[in-house]
1. I'd like the full set of residues that are assigned to a loop (DSSP other than H, G, I, E, B) and among the aliphatic types (A, V, I, L, M), limited to segment 80-89.
2. Exactly one condition in (1) crowded, with 16+ Cβ neighbours inside 10 Å; (2) modelled with pLDDT under 95 is not met by Leu167; state its number.
3. Quick check, is Lys274 modelled with pLDDT of 85 or more and open to solvent by 60 Å² or more (accessible area, probe 1.4 Å)?
4. So which pairs qualify, if the first residue must be in segment 90-103 and in a strand (DSSP E or B), the second must be modelled with pLDDT of 95 or more and of a type in the set (S, T, N, Q), the Cβ gap must be under 8 Å, and the two must be at least 6 apart or on different chains?
5. For a quick check of your reading of the model, give me the residue pairs whose first member lies in segment 180-201 and is more than 18 Å from Asp158 (Cβ to Cβ), whose second is assigned to a strand (DSSP E or B) and open to solvent by 20 Å² or more (accessible area, probe 1.4 Å), with beta-carbon atoms closer than 6 Å and at least 6 apart or on different chains.
6. How many of the residues in segment 81-107 are of a type in the set (Gly, Ala, Ser), within 14 Å of Ile136 (Cα to Cα) and buried (at least 18 other Cβ atoms within 10 Å of the Cβ)?
7. Among the strands (runs of 3 or more DSSP E) contained in segment 225-268, which hold 1 or more residues that are open to solvent by 30 Å² or more (accessible area, probe 1.4 Å), closer than 18 Å to Val201 by Cα and modelled with pLDDT under 85?
Amino acid sequence: MIIRIITLILLIGLTVESYAQIPIPFQCDNRFYQVFNTDGSTLAHNAFTGQTEVASFNAGRFINSVGYRSADNFAYGIIVGTPNLFRLGSNGAVEDLGPIANLEMINYPAGDFADDGLLYVYQQAFEAFPNIMYGIDVDIPAVVNVVMIDGPLFSTTDMTFNPVDGLFYAVSGGDAVPNDDEIPADNLIAIDIIERTVAIVGPTNVSREESNVNFASMFADSFGNVYGQDRFSGGLYKFDKATGNGKLIGSTPVVEGVLGGTDGFCCKESVLPKFAHPRNVPTLSEWGLIATALMLGVIGFIVMRRRAIQSA
């Protein structure tokens, strides 16, 4: 009898452990997720309420280049230090999908899905390795598209795909090999994987005296708005895609001691964040004018109706 009970307990434990390792899909909602890629702990910033909560899971893995695939509501990326693809679920479970064919084991700090369904990861720019982006079919997994970006070298710690104009957006860093062809730090840049070009949109104008900013978490929504979080200050910014200027719209907690930085992902088909397109709400005096105009219109209609009846 005791042996049966012990066996049953062990089976239950194995079942629970197995279930815990199975990724559960996310829900496409207003959350901007930030994965701290030293251990996989996660924050979720609600873009509608402005509240930030610690997500109920910790992936427990050193992960990066995270992108959200709306086709199945999972997040995918690369396990740092390996060429392996992972699938991340809302319960924090990380499924190692094995090595990505045709992908070298180099540093890939940024990634996101494009509208062709591929996860594009960016290879950190060095003189020996110019700007290259690899398109990964996560269902195989294998690199099926290699995009050599013409133009100056650039460095970035995350990027986001804009579903409206079909461009990847990132904020340039200062990690590329210094030379005359390097894009200066703290500029919003736009990457076109069709034309294979990179363009400087303009300076973000976000700076602090103690150090440079580092937009290691980038986001976009279904209306084409682009956002970024500075991992040093925790500031959440919305960028002007015409000038590059960053406007502070909120903040998220800063986790001390996180050396590897963060990576961001979100479901771009989610409900529009409240700060995406601010709407002008009429003042009380404006509401008064509107009400007066409506009343005058109704009175005018009644008078004209009576005259029409009398003349008939």
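1. Just the residues of segment 80-89 that are assigned to a loop (DSSP other than H, G, I, E, B), to begin with: 80-83, 89.
Selection gives Val80 alone.
2. (2)
3. Values: modelled with pLDDT of 85 or more: no; open to solvent by 60 Å² or more (accessible area, probe 1.4 Å): yes.
No.
4. Sorted first by the residue in segment 90-103, then by its partner, the pairs are Asp96/Asn84; Leu97/Asn84; Gly98/Asn84; Pro99/Asn84.
5. Asp181/Leu153; Glu182/Leu153; Arg196/Asp150; Thr197/Asp150
6. Of segment 81-107, the ones of a type in the set (Gly, Ala, Ser) are 81, 89-90, 92-93, 98, 101.
When the remaining residues are screened for being within 14 Å of Ile136 (Cα to Cα), the result is 98, 101.
Filter once more, keeping what is buried (at least 18 other Cβ atoms within 10 Å of the Cβ): none.
Qualifying residue count for the region: 0.
7. On the way: elements: 226-230, 235-239, 246-251, 262-266.
Of the strands (runs of 3 or more DSSP E) lying wholly inside segment 225-268, none has at least 1 residues that are open to solvent by 30 Å² or more (accessible area, probe 1.4 Å), closer than 18 Å to Val201 by Cα and modelled with pLDDT under 85.
Table: residues versus (1) at pLDDT 95 or above; (2) of a type in the set (S, T, N, Q); (3) surrounded by fewer than 23 Cβ atoms within 10 Å (Cβ to Cβ); (4) part of a loop (DSSP other than H, G, I, E, B).
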{"position": "Gly111", "(1), (2), (3), (4)": "yes, no, no, no"}
{"position": "Gly117", "(1), (2), (3), (4)": "yes, no, yes, yes"}
{"position": "Pro130", "(1), (2), (3), (4)": "no, no, yes, yes"}
{"position": "Thr160", "(1), (2), (3), (4)": "yes, yes, no, no"}
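The values are calculated or read from the model by the stated rules, or taken from the named source; none is laboratory data. Keep in mind the model is a prediction, meaning the values are calculated, not measured. Here the Cβ is made from the backbone with ideal geometry for all residues, glycine too, and neighbour counts use every protein chain on show. For accessibility, only protein heavy atoms count, side chains too; no ligands or nucleic acids. Shrake-Rupley method; radii C 1.70, N 1.55, O 1.52, S 1.80 Å.
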